[in-house]
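To keep things clear, I will list the structure first and then write my remarks on it.
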Amino acid sequence: MDEARAHASTVWEAVAHKASNLVQTYSSSPSEAVALCGGLMGSGCQAFAQQQPMPAVSPLKGTMSCLRDCNHAGKCVAFKGFCQCPAGWTGEGCLTRERRPCTHETRQWGFTRLDPKVNLTEFRVEEGTEYHPIAGGRSSLCAGTCDDDISLCYCPSDTKYGRIPPGEHSLPGAPPIRKGRPMGQWCQPKQDKEGFPIRWGTVDYDFLFNDKTGWCNAEHPAGRCDCYQDGISGATCETIYEHTCVNQCNGHGECYIGYCQCHKGWFGHDCAYRMEGVEDSPGLEVERPWIADMVYTPATHEPAANATRLRPLIWVYEMPEEYASRMLQYRVDGGFCNHRQFTGGNVTDFKDHNYYQLEMGLHEMLLQSPHRTLDPEEADFFYVPVYTSCLIMPVQNFGDGPYYHSPLSYGGRTVQAGGLLEDAFHWIRAHYPYWNRKGGRDHIWLATHDEGSCWVPNVIRPSIIFSHWGRTDHNHTSWTGYGPDNYSLNISHPLYAPKGNLHRITKGPCYDPVKGEGPEGKAGHLVVPTMRSPKHYARSPLLGYPPVPRTRLGFFKGRMQFENLPYSRGVRQKLARQAWEEDWAGAHNILILDNTNVTQKTYSEFLVESTFCLAIIGKLWDRDGWTSRYEDAILHGCIPVAIMDNVKPILSNIIDEADVSIRVGFDEVGRLPEILKAVPQEEIERLQRNIGRFWRRFAYTSHRVYQKRLRDIQERNLALPALDTDVTLLPEREGMFDLEQSDAMQTILEWLYGRMD
């Protein structure tokens, strides 16, 4: 461990030295800029590459104090004088208690959260009544002791391994006397103590409470409940490891389920700001070397005399924690809402199953970017971190709230998420002057959920909106196959929504890349890539894996949802039925698989063996909207076939989709074999060459937490012997490339540079 700490200290010194002496300069010649940016649309890339660097400046310091020192619970944003409160506290000075009780139901009116019934006999099932465990209830239901800061259930306090809350006279935010073993939603009793069945349990009463073998009483219980919360693992959830926060609190704070409690003298969402007089110094990354690769904040270090920066400079709003980290605390299950997570032994695991992970990922990348500024007065753009997808799933599915503008019963999940965005908009306008300076045109928001920005409220439409979903038709209506996400339902209530909700959203296109002429038209939207970790495309020839012949003409694997006709506008269902009835696999070498089909090969193996890979609308579970298969195909060197009418694909206003993909209309899917076979060989080769040229603009290879894994994968892949088979149609195996250059993050920065006033 001493060696690891010494290494981490050396890493910090190197990072601090690099950041302090950072000389950002491209200043490419016009010919070099043309070579670097060839094939890209717009002026952003070339202008970015040829810009003259500007001097670095000392970071903004804090000089203000906050009411009652934020009640010993929160942290003071000392350049503004307001408190950022953890879950359990809210309001000025974090003086107001904000409980989130564990509950089996949701309120139908009002804003007071529901307390659960405490006597299990009240949940007894009447004789002869059918019931389904947890049907119609909240996932936070609890037959034990509730941590009502975040709505997390533990074994009862009167059991041997139950939770004992802090004492009555403890300071706000004090830890429990005993943490206790968790009792998650699938570890609740299905009988009461007398043996009568109750409505929502899933395990026998004795499984939990038997004196000798029960989970809550035995040192070595006969059964096990899932640990599920961030930061704990082991047979009895006894092993503690690092929680996950953006930028790991800059090494100058303790991370607690997504919330950074900063060390004395440091403040801000990721503890990147210092009080006046506090010197820059190593943080917890020295004692905890496993976080060293996760901590990187060039903006916080004092610059050397010759240090320079490049524009655009981006300021990430410091706001109340309700909009971002609170969602991480309320998510309860550590597997949601994040792009990475520490596991047992403090090993980093990348969460590729989380399709909305860019929400935390982009936030972290901007906090760690050399383009970040801590001084909003010099910013070119302002990023507003609001975790709407995390609110939609799992936060709203878990407990009774939080709700925005009305209880959930008077508005679906996207209506609630829109309310959260409206609240954030009103907060930043009330507390900072920057929105009003340009009417929000220099503000950036992210909408990662299934239908992108279609439900985003009108008040933030003047801004730049990043999303995964480039829908362009006017007078749009929701395409979802999941009722609670249908933003087209005009739900009204005389108190909460007297005008309904449709007046809050636009009838114009969801995705608007230009938005008018002149300076006002410089904002626009951008369809950005999904966040994929290196392990997702580790076997791609583009990462040096030995390429194989693309012997399959076409491929698709995904959900079909035959019982859910609105899903994917019926396109996937129509395609699958025709492909299977006409044996496209045998007759045309086009393989169409349902996601339930068990195969010997991995998804990646199918992609690298195929010439064309279908990208059809339709998303995770039974929702409807963007598909990540467009960039999945590109990251594996396969030509995407976009089957998504009125929808622009990823980066389509930077990279012409006709240069990397082909498009097939909804009404043409029955002719897919004919269409694919008609693509000339010369066109196939052109598309593949372009994919080989542009693919890194669809991947976040510059993200610091990915870089070591990327290097390891590249080195391992390039050490493998090449195949003898002729694979000349594929991009050649590359050597080690510059991870910082021409990736998705730099592409976004170049695009922003081209939109600076």
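Read the figures in this text as sums done on the coordinates, not as results from a lab. The structure presented is a predicted model; accordingly, all values stated were derived computationally and were not measured. All Cβ positions, even for glycine, are placed from backbone atoms using ideal geometry, and neighbour counts span all protein chains on display.
Taking a Cβ cut-off of under 9 Å around Trp89, the surrounding Lys, Arg, Asp and Glu residues balance to a net charge of -1, with basic ones at +1 and acidic ones at -1.
If I take R0 = 56 Å and measure r between the Cβ atoms of Trp186 and Glu276 in this structure, what FRET efficiency does the formula 1/(1 + (r/R0)^6) give, to the nearest 0.05? After rounding, the FRET efficiency stands at 0.65. Set the bar at 32 Å for Cα to Cα. Now go through Lys351/Lys601; Lys80/Lys648; Lys677/Lys708 and name every pair that lies beyond it. The pairs that break the limit, which is 32 Å between Cα atoms, are Lys80/Lys648; Lys677/Lys708. Near Phe196, no amide H atom lies under 5 Å from its own; only residues 5 or more places off or on other chains count, and H is placed 1.01 Å from N. A simple count of charges around Asp230, restricted to other residues whose Cβ falls under 12 Å of its Cβ and scoring Lys, Arg +1 and Asp, Glu -1, yields 0.
For Thr239 and Val125, the difference between the fully extended length at 0.36 nm per residue and the C-alpha to C-alpha distance is 37.3 nm.
Computed about the Cα centre, the dipole magnitude for the chain is approximately 700 debye when only Lys and Arg (+1) and Asp and Glu (-1) carry charge, each at its Cβ.
Under 5 Å from the amide H of Arg559 lie the amide H atoms of Asn595, each residue being 5 or more positions distant or on a separate chain, with H modelled from the backbone and absent for Pro and chain starts.
Cβ-to-Cβ counts within 10 Å put Arg288, Arg532 in ascending order as Arg288, Arg532, the fewest first. Each of Tyr545, Pro166, Phe350 was scored by the projection of its Cα onto the charge dipole of the chain, and the greatest displacement toward the positive side belongs to Pro166; charges sit on the C-beta of Lys, Arg, Asp and Glu. If both residues of a DSSP beta bridge must be in the chain, then about 50% of such bridges are antiparallel. Between Glu302 and Ser31, the FRET efficiency from the beta-carbon distance, with R0 = 45 Å, is close to 0.75. Applying the Karplus relation 6.51 cos²θ - 1.76 cosθ + 1.60 with θ = phi - 60° to the stretch 586-602 yields 3J(HN,Hα) values of x, 7, 10, 6, 10, 9, 10, 10, 6, 5, 7, 5, 7, 10, 6, 9, 7 Hz, where x marks Gly and Pro. Close amide H partners of Ala272, meaning residues 5 or more places away or on another chain with modelled amide H under 5 Å apart, are Phe267. Each Lys and Arg Cβ is given +1 and each Asp and Glu Cβ -1; about its Cα centre, the stretch 528-676 then shows a dipole of about 440 debye. A Förster distance of 30 Å, applied to the separation of the beta-carbon atoms of Thr96 and Ser157, puts the FRET efficiency at 0.75. Restricting attention to the stretch 159-289, close to 90% of DSSP beta bridges with both partner residues there are antiparallel.
Put the Cα centre of the stretch 145-164 next to the Cα centre of the stretch 659-697 and the gap is 56 Å. Model label points for Asp667 and Lys574, set 7 angstrom from Cα along the Cα-to-Cβ axis, are 0.9 nm apart. Taking 8 Å as the Cα distance limit and 6 or more residues as the minimum spacing, I'd like the relative contact order of the chain as a percentage. Averaging sequence separation for qualifying contacts and normalising by length gives 11 percent for the chain. Near Val459, once Lys and Arg are set to +1 and Asp and Glu to -1 for all other residues with Cβ below 14 Å from its Cβ, the sum equals +2.
Our coupling estimate for the stretch 336-341, obtained by passing each phi through the Karplus curve with A = 6.51, B = -1.76, C = 1.60 and θ = phi - 60°, is 9, 6, 10, 9, 8, 7 Hz, Gly and Pro reported as x. Each of His243, Gln261, Phe381 was scored by the projection of its Cα onto the charge dipole of the chain, and the greatest displacement toward the positive side belongs to Phe381; charges sit on the C-beta of Lys, Arg, Asp and Glu.
What is the distance in Å between the Cα centroid of the stretch 287-341 and that of the stretch 375-415? Using only Cα atoms, the two centres lie 19 Å from each other.
The HN-Hα couplings worked out from phi for the stretch 298-314 by the Karplus form 6.51 cos²θ - 1.76 cosθ + 1.60 (θ = phi - 60°) are x, 5, 8, 8, 6, x, 6, 4, 9, 5, 10, 9, 10, 8, x, 8, 10 Hz, whole numbers, x standing for Gly and Pro.
Can you classify the stretch 214-266 as rounded, prolate or oblate using the Cα gyration tensor, where a ≥ b ≥ c are the square roots of its eigenvalues, rounded means a/c under 1.5, and otherwise it's prolate if a/b beats b/c and oblate if not? It is prolate, given that a/c is not under 1.5 and a/b is the larger ratio.
Going from the fewest other Cβ atoms within 10 Å to the most, the residues Val660, Val246 appear in the order Val246, Val660.
The stretch 168-221 and the stretch 466-512 have Cα centres lying 42 Å from one another.
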